[in-house]
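Just so you know, all these numbers are worked out from the coordinates, no wet-lab data involved. In this text the structure is predicted, and so the values were computed from the model without any measurement. Reconstructed Cβ throughout: ideal geometry from the backbone, glycine too, with neighbour counts over all protein chains shown.
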Amino acid sequence: MKPNWLILAVLVAGCGLLSQAGCEEQAMAPRQSNSDWFEQQTWGLMTPSANTNAYKGTPRISFEKVIHDFGKIGPGTNNLCEFKFTNTGNGILRITEVGKTCGCTPFELAKTQYAPGESGTLKVRYYSDQQSGEATNQLYVYSNDEARPKVALTIKASIVAKVDYGPKKLELSLNEKNAGCPEITLVSLDSQPFTIRGFKSTADCITADYNPSIKATRFVLQPKVDIEKLKRVLHGRIEISITHPQCNKVTSLFSMLPRFKINPRSIMVHEARPQTSTIRKVQILSNYKEDFEIESVSSKKGAIKVLSQERLHNGYELELKITPPAAKGKSRVFTDVFVVNIKGAEKLEIPCSGFYAGQAVSSQTPTKDEDCPTCGPRIIGREDFLDKPGGE
């Protein structure tokens, strides 16, 4: 019996294998009969379909020009130029950024994405400098163009003055009428008439009368100086706004020699030690060769006293004793302000600061209650300390 069952099992297994082979042969027959099967499968991985965004193409940004030359333009004028471009690639062009530079802002761009073959325009406003001469400015366009991800656009101009004026700088003096301020003249160089629409100065210390309804090619202004305001600023600028098409304003600088000169202007003590005095000399001189008298001196924190006072031909020389106070905590500096009151004139302030011995200059920032040694003097009152010149 056993051999018969064994033979039957072998026959059944053989039939099964033959049946499976026939099925596989039938399944493979269509592929073998199609000579383009490999090519179709290969391109099927690369051809874009309606349901996939895997293939994006290659964008290309092409500008008609990358340099715009305005030629001759007036100083301080507003000018507009355009840079046209086209997406010459086969993918969506995306402009990610336009890098602004001084004199080339703002810009205008209708949109940031452009289809293949689509064109756009970058509009740029160029504000010319106030000074005459050749000018070159650049701005940069960034996009997803892998070949040119950054394109530099250049703007050139020759800035030529259309309005001449003078003086360009005013040297003023305290001991002259109206501070010795001269007339200011404005002349159109291209015979283009204009009007004056504004006059302003630093701290409003200089003013001038003008009629904004008058149109002409030449103006002469008579500035008026407020001496008290001028004493507080000493130097600054005047801006005159005009309506000339190639020049919207002119600027003049002014400065005034102060009545007194302090030498040195500030006192610095290095390697200072608490309660150990240091001697310094300070000169107070008249810039106008005038006689004057020191009425009193003062020190806000009491660290400075006058040891002696010597009269010079145009001022005084003071010998000062500076006594650094005890250091507070981890403080590395001390500060004070020495004040000299001139009889019938202004109050002069001389800042004083010092670093304690053994302290690194850059190791710590002064605390809130301290003056920074590089900062200007504080305004202090006479009630804090008062010594007559020559006293200790």
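Couple of notes before you dig in:
- Region 218-231 - phi-based ³J(HN,Hα) in whole Hz, Karplus 6.51/-1.76/1.60, Gly and Pro as x: 8, 9, 10, 9, 10, x, 10, 9, 8, 4, 5, 5, 5, 4
- Packing around the peptides 250-256, 69-75, taken as the average count of other Cβ atoms within 10 Å per residue, puts them in this order, highest first: 250-256, 69-75.
- Under the Debye formula (equal points on every Cα, no solvent term), log10 I(q)/I(0) of region 61-159 at q = 0.15, 0.22, 0.24 Å⁻¹: -0.58, -1.06, -1.22
- Amide H contacts of Ala272: Phe355, Tyr356, Ala357, each under 5 Å away and 5 or more positions distant or on a separate chain (H built 1.01 Å from N in the peptide plane; Pro and chain starts excluded).
- Net lengthening on full extension, Tyr210/Ala147 (0.36 nm per residue, minus Cα-Cα): 16.8 nm
- Working note: Karplus 6.51/-1.76/1.60 with θ = phi - 60° gives region 311-316 the couplings 7, 9, 5, 9, x, 9 Hz, where Gly and Pro are set to x.
- Computed over the Cα atoms of region 163-256, pair by distinct pair, the Kirkwood hydrodynamic radius stands at 13.5 angstrom.
- Rounded to the nearest Hz, the phi-derived 3J(HN,Hα) couplings of region 59-65 under the Karplus curve 6.51 cos²θ - 1.76 cosθ + 1.60 (θ = phi - 60°) are x, 9, 9, 10, 8, 5, 8, where x marks glycine and proline.
- Long-range HN-HN contacts of Lys65 with modeled amide H, under 5 Å: Lys84
- Here's how it looks for Gly76: its modeled amide H is under 5 Å from those of Ser128, Asp129, Gln130, which are all 5 or more places away or on a different chain.
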